[in-house]
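For reference, the structure discussed in these notes is given below.
The values are calculated or read from the model by the stated rules, or taken from the named source; none is laboratory data. Because the structure is predicted, anything quoted here is derived from the model rather than measured. Cβ placement follows ideal geometry from the backbone for every residue including glycine, while neighbour counts extend to all protein chains displayed.
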Amino acid sequence: MYIYNVTINIEEPYVDEWLAWMKSTHVPDVLKTGLFTEGRIIRVLADEDGGGRTYSIQYYFKTMEDFNLYEQKFAPALRAEHTAKYKDKFVAFRTLLEIID
């Protein structure tokens with residue numbers, strides 16, 4: 001089992017709107033691809049020198065083939081939608097994690 005982790009820092013004035021949109025639209029849209037078994041939104045509890053709030057969005061998947069299909073077929077449009085809606089209001093980085101135990 002693997003985790004596709006997207007860490008996002010969103011500017012403070014947009015946090016509530018962004019979080020509501022992530023819960024109601026973006027995460028469900030990612031899960032609708034059928035390539036992930038679960039999605040979670042987790043707040044990162046840390047001092048945030050640059051302001052805003054940081055979240056870890058975690059999507060669980062079974063095989064690298066599933067992730068590669070997501071990256072090729074679905075990710076570009078989903079990322080573009082997020083960027084269009086919150087352009088210049090967030091920074092993000094992505095990591096892949098393997099669950100060992």
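Could you check the stretch 34-59 and list, in sequence order, the residues that are hydroxyl-bearing (Ser, Thr, Tyr) and surrounded by fewer than 16 Cβ atoms within 10 Å (Cβ to Cβ)? Listed by number, the residues that qualify are THR37, SER56. Only one entry of LEU69, LEU97, LEU78 meets the criterion of being in contact with a strand residue (DSSP E or B) (Cβ under 8 Å, 6 or more places away or on another chain) and either of a type in the set (A, V, I, L, M, F, W, C) or at negative phi (or both), and that entry is LEU97. Only residues that are over 17 Å from LYS87 (Cβ atoms), assigned to a helix (DSSP H, G or I) and not hydrophobic (A, V, I, L, M, F, W, C) were counted in the stretch 5-59, giving 5. For MET22, the requirement of being surrounded by fewer than 17 Cβ atoms within 10 Å (Cβ to Cβ), in contact with a Phe, Trp or Tyr (Cβ under 9 Å, 6 or more places away or on another chain) and touching a residue at least 24 places away in the same chain (Cβ under 8 Å) is not met.
Got at least one residue in the stretch 60-73 being assigned to a strand (DSSP E or B), surrounded by 12 or more Cβ atoms within 10 Å (Cβ to Cβ), hydroxyl-bearing (Ser, Thr, Tyr) and in contact with a helix residue (DSSP H, G or I) (Cβ under 9 Å, 6 or more places away or on another chain)? Checked against the condition, which is being assigned to a strand (DSSP E or B), surrounded by 12 or more Cβ atoms within 10 Å (Cβ to Cβ), hydroxyl-bearing (Ser, Thr, Tyr) and in contact with a helix residue (DSSP H, G or I) (Cβ under 9 Å, 6 or more places away or on another chain), the stretch 60-73 yields no hits at all. Checking each residue of the stretch 75-94 against the condition of being assigned to a strand (DSSP E or B), touching a Phe, Trp or Tyr at 6+ places or on another chain (Cβ under 6 Å) and surrounded by fewer than 13 Cβ atoms within 10 Å (Cβ to Cβ) gives no match. Here's a check for you: in the stretch 45-78, which residue that is among the charged types (D, E, K, R) and at pLDDT 95 or above is nearest to PHE93 (Cα to Cα)? My answer is GLU71.
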